[in-house]
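Before any comments, here is the structure.
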Amino acid sequence: MDRAALADFLTRTRARLTPADLGLPPGARRRTPGLRREEVAQLAGLSVDYYARLEQRRGPQPSPQLLASLARALRLSEDERDHLFRLAGHEPPRRHGPLGHVRPGLLLVLDRLHDTPAQVVSDLGDVLAQNAMAAAVFGDVGALAPERRNLLLRWFTEPDVRALFPPEDHEDLTRAHVASLRAARTARPGDRRAADLLEQLLATGEEFTACWQRHEVARRRSGRKRVLHPVVGPLDLECEVLATAGEEQLLLVHTAAPGSECASRLDLLRVVGAPV
């Protein structure tokens, strides 16, 4: 771990960003350009003291998960992210690794969606980033361990996830999840991450295995999604799926019809936040 170079890189990267770059309010007048340490810490989910120690060359070695959070908060490119990992004494994650570095352009769009639930997922179903509204509607995935942030694993292993959706929609959602995994795995020949995920899902039981054997194939597509929210009640949403060129990362944007009861409930949810 090169503490001096790591501190310099973090400080200079923070200085080149402005609150507007991340969709934050400008706040009080600033003595120096760039983001404040507390703003970076908040975006990365760290304590201010921990982040300050990194910039002061006296912090402990950050974990790969923490570095991935910093890379997203500082809007690093893939080359910059790899540099950050190496300065901290870690090998950079593989391109399709579970940390899933999010393209800066997708994060920029996500930052601008203040009143609309939106999240970035990988083609394998890993939730890579979400805005506050998505956390309020679907749960705060960022609070979970990285290995628990996969949509498919949670669908087949965590009953609370299914409880968010009407029972009559479960079969269609199950088939859509599995069909999207089939398409992604075919597009990743020899990829260890895809193989490991399939092995984990096959071990969940007969439901996944039977659905997998149907050999249905379909990418994630736009469509209607109904949510049974525990605080504001039923939400009838339109889900738009925006894909990167290789369809390896997807931006899922959920909208309600203007003036609808669902739109009013989303407005209320924006005020009350996610359920505890």
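Every read-out reported here was derived from the displayed coordinates using simple, explicitly stated rules and does not represent laboratory data. Note that this is a predicted model, so its numbers are computed, not measured. Using ideal geometry, Cβ is built from the backbone for each residue, glycine included, and neighbour counts are taken over all protein chains shown.
Working note: Karplus 6.51/-1.76/1.60 with θ = phi - 60° gives the range 144-151 the couplings 8, 4, x, 6, 9, 9, 8, 4 Hz, where Gly and Pro are set to x.
Relative to the longest principal axis of the Cα atoms of the chain, the long axis of helix 3-15 makes an angle of roughly 70 degrees. Could you state the number of Å between the C-alpha centres of the range 138-202 and the range 208-237? The two parts, judged by their Cα centres, are 11 Å apart.
Under 5 Å between amide hydrogens, built in the peptide plane, is the criterion, and for residue 130 it picks out 120 among residues at least 5 positions away or on other chains. Here the range 217-276 is assigned +1 on the Cβ of each Lys and Arg and -1 on the Cβ of each Asp and Glu. Its dipole about the Cα centre then comes out at about 160 debye.
Pairwise Cα distances in the chain exceed 35 Å in 21 percent of cases. Using θ = phi - 60° in the Karplus curve 6.51 cos²θ - 1.76 cosθ + 1.60, the 3J(HN,Hα) couplings for the range 183-199 round to 5, 5, 5, 5, 6, 10, x, x, 7, 5, 4, 5, 5, 5, 5, 4, 4 Hz; x is entered for Gly and Pro. Scoring 12-18, 215-221 by mean Cβ neighbours within 10 Å over their residues and listing the highest first yields 12-18, 215-221.
Taking θ as phi - 60° and the Karplus parameters 6.51, -1.76 and 1.60, the scalar couplings of the range 113-126 work out to 8, 6, 10, 10, x, 8, 8, 9, 10, 7, 5, 8, x, 6 Hz in sequence order, x denoting glycine and proline.
With the charge dipole of the chain set up from +1 on Lys and Arg Cβ and -1 on Asp and Glu Cβ about the Cα centre, the Cα lying farthest toward the positive end among the listed residues 89, 262, 132 is that of 89.
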